[in-house]
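Have a look at the structure below before the remarks.
The values are calculated or read from the model by the stated rules, or taken from the named source; none is laboratory data. As the structure is a computational prediction, the values presented were derived from the model and not from experiment. So basically every Cβ, Gly included, is an ideal-geometry build from the backbone, and we count neighbours across all protein chains shown. With ligands, DNA and RNA removed, areas are computed over all heavy atoms of the protein, side chains included. Shrake-Rupley method; radii C 1.70, N 1.55, O 1.52, S 1.80 Å.
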Amino acid sequence: PLRHVFPDADTEMRRRRQAPYAVVPHNDDLNGMEYVVSVLRKIFGYSVEKCVELMLEAHEKGKAAVWVGALEVAELKADQIRSCGPDPQQKAKGAVTLGVSVEPAA
């Protein structure tokens, strides 16, 4: 078997079969829409159009899967979103860091 030639093959196969995870920002009423779009652009490098679409989905449905992939990367992306902090223009009104979760992809 390949196991003898490539001892890491089993681990590598398991890693590749890992269930995908989604990065899911949550809607809130304080952070501005433009701010959310700018955060999505910064973290994911999507077009303005795609970011607006995702932001509107989160706004209308309460949350939206904006990226799907490996758990470790999803957690990193969620942390990057959190590290952007609240919308500076809404901070005085009580805006807090964007809510985001990492969930198993549907």
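Data table
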read-out	value
Full-extension gain in nm, residue 93 to residue 19, via 0.36 nm per residue minus C-alpha separation	22.7 nm
Cα-only Debye scattering, region 24-106: base-10 log of I(q)/I(0) at q = 0.25 Å⁻¹	-1.33
Inter-label distance for residue 48 and residue 106, nm, one decimal - labels placed 7 Å from Cα along Cα-to-Cβ	2.9
Residue 54 accessible area, assembled protein chains, probe 1.4 Å, Å²	20
